[in-house]
Structures are given as C-alpha cells and as structure tokens.
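Scroll down for the structure; my scribbles are underneath it.
The values are calculated or read from the model by the stated rules, or taken from the named source; none is laboratory data. Quick caveat: nothing in here was measured; it's all calculated off a predicted structure. Every residue, glycine among them, receives a Cβ derived from its backbone with ideal geometry; neighbour counts consider all protein chains shown.
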Amino acid sequence: MSPHVTESVIRSALDQFAIVKSVKFIPNYIGPISLPQCALVEFDSAKKVKEVIAMIKQYPFMMSGCHDP
C-alpha cells in the first residue's frame, strides 16, 4: 500500500459494504519501518466478509485511490 493509505481511507472504502470494526496495519519489515505493507480489516459479519472480498476482486480500484503512480 501507499504510505498515504490511512485507517480512515480503508474505512471509507470498505464501510460502503459492511461495518468495519477494526483496521490493523501489518508492519513492512523489508522496507522503511513507517511504510505499511498491508492491513487486516475486521468486519461485524463473517457473511459480509465474503461479499466484500468478491466486490474487491471485481473492482480493485476501490482501494487504489491513494496509490503511488
């Protein structure tokens, strides 16, 4: 992920589909310490997780609004 992606950006993108309970960034141990590599997102419903994953696979641009060119 871009270093510009914040918890707020992730919540805004995914709250369209399900209630986001938490977002936890996984540190990038290969590159600069401040650059998150990915994040774990917890939703309020296991059923919604499958729907969100299917939607992201169809429309990956949903999360790429803050990517580096």
Single condition PHE25 does not satisfy, out of (1) under 10 Å from the mean Cα position of the chain (by Cα); (2) modelled with pLDDT under 80; (3) not in a loop (DSSP other than H, G, I, E, B): (2)
Pair list, Cβ under 8 Å, 6 or more apart: segment 1-30 residue touching a residue at least 12 places away in the same chain (Cβ under 8 Å), other residue assigned to a loop (DSSP other than H, G, I, E, B) and of a type in the set (Gly, Ala, Ser): PRO3/SER34; VAL9/GLY65; ALA13/GLY65; ALA18/SER45; ILE19/SER45
Residue among PRO32, PRO36 that is at pLDDT below 75, assigned to a loop (DSSP other than H, G, I, E, B) and either small (Gly, Ala, Ser) or loosely packed, with under 12 Cβ neighbours inside 10 Å (or both): PRO32
Count of segment 1-22 residues which are assigned to a loop (DSSP other than H, G, I, E, B) and either of a type in the set (Ser, Thr, Tyr) or within 15 Å of GLU42 (Cβ to Cβ) (or both): 6
Single unsatisfied condition, GLU51 versus (1) modelled with pLDDT of 85 or more; (2) within 13 Å of the chain's Cα centre (by Cα); (3) surrounded by 10 or more Cβ atoms within 10 Å (Cβ to Cβ): (2)
